[in-house]
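Trainee: Submitted below is the structure of interest, expressed as structure tokens.
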Protein chains: 2
Amino acid sequence: MKLLSVAMNRTVFMRGLLALAATFGLLFLSASAFALTDPLPSWNDGATKQAIVEFVKTTTDQSSPSFVPPEERIATFDQDGTLWVEHPMYSQVVYCLDRVPALVKAKPELADTEPFKTVLTGDLEAIAKLPKDELVKVLAATLTGMSVDQFQAEVKSWLKRAKDSRWKRPYTELTYLPMIELLKYLRENGYRTYITTGGGQDFVRVYAEAVYGIPPEQVVGTAGVTTYGYDKEGKPFLLKEPKLLLNDNNAGKPEGIHFMIGRRPYASFGNSTGDRQMLEYAKAGEGQRLAVLVLHDDDKREYAYGPAQGFPDTKVGTFTQELYDEAKKSGWIIISMKDDWKHIFAFETAP
Amino acid sequence: MKLLSVAMNRTVFMRGLLALAATFGLLFLSASAFALTDPLPSWNDGATKQAIVEFVKTTTDQSSPSFVPPEERIATFDQDGTLWVEHPMYSQVVYCLDRVPALVKAKPELADTEPFKTVLTGDLEAIAKLPKDELVKVLAATLTGMSVDQFQAEVKSWLKRAKDSRWKRPYTELTYLPMIELLKYLRENGYRTYITTGGGQDFVRVYAEAVYGIPPEQVVGTAGVTTYGYDKEGKPFLLKEPKLLLNDNNAGKPEGIHFMIGRRPYASFGNSTGDRQMLEYAKAGEGQRLAVLVLHDDDKREYAYGPAQGFPDTKVGTFTQELYDEAKKSGWIIISMKDDWKHIFAFETAP
């Protein structure tokens, strides 16, 4: 009886040991699997990918002279043309144009007033020819004059139903898969990822958390003044005013970064002249810094526009030859969408 | 031999079990110890402390109907008079006055110009009588016209040597110990703590991380425009301009919170009429919200000023009877420094 009990105990013990060994084995296997897993599977192997991975390794390795403490790991990303498609027109401008019929319904006197009259015709060529200050009237009328909550509810509803003209998909599916991987990869390495967009801060905040994993407080964008007031029931609300507070383009990007974050980014990503100062500012900091530009050079899978390297010039997302030269001279990295990205969109990889 | 081996294995097994049990015991003990440790030891037991602890428990307990997901746990704190002493004068104003001699040395023509002439005399009564727009000239001259980096280096150096007139201690030691405990307690419960100060954002960011554990990106404060430019070597810098971007007082507090955070705080702390709208805004949100005012009613250990409840009126940190009544009516909590706080400063408790 006693021997049996000892034997049984021994069996239990051995079983326990085996289970333990198996667990360790699994841990070991999954650790190796993790090390072997490519965090950027949609990127082709090459100098661009290597430079990004090297930057992350060197700034997060405690034994590296370029080690950056976690609290200082800030990476900033332009949105339009850097994280998602900006052609043929910025999604937010499409939103504003789409809102005009509802606006005219609420204020019928606008139907015969320019620029709303032209927008109502739906004639895209005529709309494209509207002078800039007329377009600003459309933006002001559709982005201001309501509470922040009302505006964000409208945007949310529009994002659910609106589809882009080329892929016939919601705009939120037109994000670049390699950049989504990069955002995650940076966060897994202790970087806080910020959006620094010329687009509207209140607009981007509606979907940034779901689409990019970036919370509202990490969205820096062009913003208007809001005014605190009370509704009929005495409940406070914030009214969106047609007055600019931060123009988050060009020099406004580093200015906005200082205002909202108060730290200089270690890595910064853009795709146009509007991002130039942000990249200069990031790169001018001490230690290892990463400045990256996305070059739209894939007219088959996305668009090719420039005019750097002889691509056609456009008003949306201008990458000039001057910017290209500064990038080359200053050690910035240029992503060729054509050569560096295996896939551009997640839906390409869907079964 | 075999029996011996079995017996030894059994001993090893039992030893392992005992070790395991001991570990569990320790875990259990430390869990109990943690539960028994008061996270707010400098607070007297009573309704105020209880209300704060109840709020934290109910918003962080997954089974509670008032549970708040971690990403939405935002708590905002005014600084002057809420986190540290603001009397007889805001520390930042003392900084500005202290900077005048160096300013005049650099620009000797100011020595005979008001208000600098009066400030140079060091006659505090005469300085206190300067009209507001003259004082603004001193602030503009000492807070702007230099790069952000230069300004922050000056503040850092000043904080090391400056001492307040009553306690003869660095200003950064004049923080309220119960509030420092509260900041930590909230963070330990997944809240992100923000400063929302009428004081200067660039000023507070210099010490907020070391003093409060609050990083630069979580400091919302009054801020001027900065302008991006290049120095002689072509290195980019941000110049502090004498132009207001955000006046983070009164309605400016919820406006600034929306701009910088984009979420409505679940808990908000202030001490004066300048915090009223921030507390209203927080409290107007859905679910459980906490709005708290610090009442300076301890003329022995700190200061007593009001004019709520008959305390003397002052220009620095006004807590009006009207604010007191709104607080009572709206279910805000009022901290009596005299009754609710066991200790006010950490240096009181030092051996």
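The values are calculated or read from the model by the stated rules, or taken from the named source; none is laboratory data. Keep in mind it's a predicted model, so treat the numbers as computed, not measured. FYI the Cβ positions are ideal-geometry reconstructions off the backbone, even for glycines, and counts take in every protein chain you see. What goes into the accessible areas is simple: the full protein's heavy atoms, side chains included, and nothing from ligands, DNA or RNA. Shrake-Rupley method; radii C 1.70, N 1.55, O 1.52, S 1.80 Å.
Trainee: Given H placed 1.01 Å from N in the peptide plane, which residues other than close sequence neighbours of A:I214 have an amide H under 5 Å from its amide H?
Mentor: Amide H to amide H, under 5 Å and 5 or more residues apart or across chains, A:I214 pairs with A:E209.
Trainee: Separate question: The range A:117-234: D in µm²/s via Stokes-Einstein (Kirkwood Rh, Cα pairs, 10 °C, 1.306 mPa s)?
Mentor: Rounded to a whole number, D works out at 95 µm²/s.
Trainee: Throw me the Rg/Rh for the range B:282-351, computed over C-alpha atoms with Kirkwood Rh, two decimals.
Mentor: My calculation of the ratio gives 1.05.
Trainee: Given the Cα-Cα distance of B:S330 and B:M146 and 0.36 nm per residue of separation, how much length would full extension add, in nm?
Mentor: Numbers: separation 184, 0.36 × 184 = 66.24 nm, distance 4.41 nm.
Full extension of this stretch gives 61.8 nm more.
Trainee: Just to be sure I understand the interface: list residues from the range A:216-253 that lose 50 Å² or more of accessible area between the chain on its own and the complete protein assembly, 1.4 Å probe.
Mentor: A:E217, A:Y228, A:P236, A:L238, A:L245
Trainee: As a test, work out the antiparallel percent of DSSP beta bridges whose residues both lie in chain A, rounded to the nearest 5.
Mentor: Within chain A, antiparallel bridges account for around 35 percent of the total.
Trainee: Turning to a different aspect of this structure: Going 7 Å from the Cα of A:S157 toward and past its Cβ, which residues in the range A:132-149 have a backbone nitrogen under 18 Å from where you end up?
Mentor: Output list for this probe position: A:141-149.
Trainee: Mind computing the radius of gyration and Dmax over the alpha-carbon atoms of the range B:236-279? Å is fine for both.
Mentor: 12.9, 40
Trainee: Based on DSSP loop calls and a cut-off of at most 15 other Cβ atoms within 10 Å, the longest stretch of chain B free of exposed chymotrypsin sites (Phe, Trp or Tyr not before Pro) is what? If you can, show how the numbers build up before the last one.
Mentor: Working: sites that count: B:F67, B:W167.
In chain B, the maximal stretch lacking such sites is B:168-351.
Trainee: What is the sum of charges around A:A327, taking Lys and Arg as +1, Asp and Glu as -1, for the other residues whose C-beta is under 13 Å from the C-beta of A:A327?
Mentor: Spelling it out: positives minus negatives among the neighbours equals -1.
Trainee: Counting only other residues whose beta carbon sits under 10 Å from that of A:Y228, what net charge do I get with K and R as +1, D and E as -1?
Mentor: -1
Trainee: Then there's this: To test your reading of the geometry: what angle, between 0 and 90 degrees and rounded to tens, separates the Cα axis of helix A:47-60 from the longest principal axis of chain A?
Mentor: 70
Trainee: Taking Cα centroids, how far is the range B:48-84 from the range B:158-226 in Å?
Mentor: 19
Trainee: Here is a further query. Per the 1.4 Å probe, what fraction of the accessible area of the range A:224-348, in percent, lies on carbon and sulfur atoms? Could you put the intermediate results ahead of the total?
Mentor: Values: 2550 of 5260 Å².
Accessible surface attributable to carbon and sulfur in the range A:224-348 totals 49 percent.
Trainee: Could you tell me which of B:T196, B:I180, B:G221 has its Cα farthest along the dipole of the range B:164-257 towards the positive end, charges placed at Cβ (Lys, Arg +1; Asp, Glu -1), taken about the Cα centre?
Mentor: Ranked along the dipole, the leading option is B:I180.
Trainee: If you put a point 7 Å past Cα along the Cβ direction, how far is that point for A:G285 from the same point in each other copy, in nm, smallest first?
Mentor: 2.8
Trainee: Taking R0 as 60 Å, what FRET efficiency do you get between B:T121 and A:T349 from their Cβ-Cβ distance, rounded to the nearest 0.05?
Mentor: For R0 = 60 Å, the calculated efficiency reads 0.20.
Trainee: What total accessible area, in Å², is buried where chains B and A meet, using a 1.4 Å probe and rounding to the nearest 100?
Mentor: The contact between A and B buries close to 3700 Å².
Trainee: Same structure, new question: Could you tell me which residue out of B:Q288, B:L40, B:L159 lies farthest along the dipole of the protein assembly as shown toward its positive end? Charges go on the beta carbon: Lys and Arg +1, Asp and Glu -1, centred on the Cα centre.
Mentor: B:L40
Trainee: Right, next: Along the Cα→Cβ direction, 7 angstrom out, place labels at B:K57 and B:K342. What is the inter-label distance in nm?
Mentor: 1.8
Trainee: For a quick check of your reading of the filter: which trypsin sites (Lys or Arg not before Pro) in the range B:301-332 sit in a DSSP loop and have no more than 16 other Cβ atoms within 10 Å?
Mentor: Working: sites: B:R301, B:K315, B:K328, B:K329; in loops: B:R301, B:K315.
Listed in order of number, the matching sites are B:R301, B:K315.
Trainee: Could you do me a favour and compute the accessible area per residue for chain A, 1.4 Å probe, result in Å²?
Mentor: 48
Trainee: Label-to-label distances across copies for A:F347, with labels 7 Å out along Cα→Cβ, in nm, shortest first?
Mentor: Counterpart label points of A:F347 in the remaining copies fall at 6.5 nm.
Trainee: Find the Cα radius of gyration of the protein assembly as shown, compare it with 2.2 N^0.38 Å by division, and give the number to two decimals.
Mentor: Details: Rg = 29.7 Å, N = 702, 2.2 N^0.38 = 26.5 Å.
Normalised Cα radius of gyration, the protein assembly as shown: 1.12.
Trainee: Which whole-number percent is the relative contact order of the range A:221-351 (Cα, under 8 Å, 6+ apart)?
Mentor: Rounded, it is 17 percent for the range A:221-351.
Trainee: Please give the calculated 222 nm ellipticity per residue for chain A, where each DSSP H segment of at least 4 residues contributes -39500 (n - 2.57) and the sum is spread over every residue; nearest 500 deg cm²/dmol?
Mentor: Theoretical 222 nm ellipticity from helices: -13500 deg cm²/dmol.
Trainee: Quick one: dipole size for the protein assembly as shown, taken about the Cα centre, charges +1 on Lys/Arg Cβ and -1 on Asp/Glu Cβ, in debye to the nearest 20.
Mentor: The dipole magnitude comes to about 2180 debye.
Trainee: Here is a follow-up. With Cβ to Cβ distances under 15 Å as the rule, what net charge do the other residues near B:T144 carry (K, R +1; D, E -1)?
Mentor: Numbers: positive: B:R99, B:K107, B:K137, B:K240, B:K243; negative: A:E255, B:D149, B:E154, B:D202, B:E241.
Here the charged neighbours net out to 0.
Trainee: Could you tell me what percent of the accessible area of the range B:125-179 is made up of carbon and sulfur, with a 1.4 Å probe and every protein chain present?
Mentor: Looking at the range B:125-179 in its full context, I get 54 percent from C and S.
Trainee: Tell me, what is a quarter of the convex hull surface for the C-alpha atoms of chain B, in nm² with one decimal? It would help to have the intermediate numbers written out before the result.
Mentor: Working: hull surface 108.1 nm².
Directional mean of the projected Cα hull area for chain B stands at 27.0 nm².
Trainee: With the contact rule set at Cα under 8 Å and sequence spacing of 6 or more, what percent relative contact order holds for chain B?
Mentor: Relative CO of chain B lands at 20 percent.
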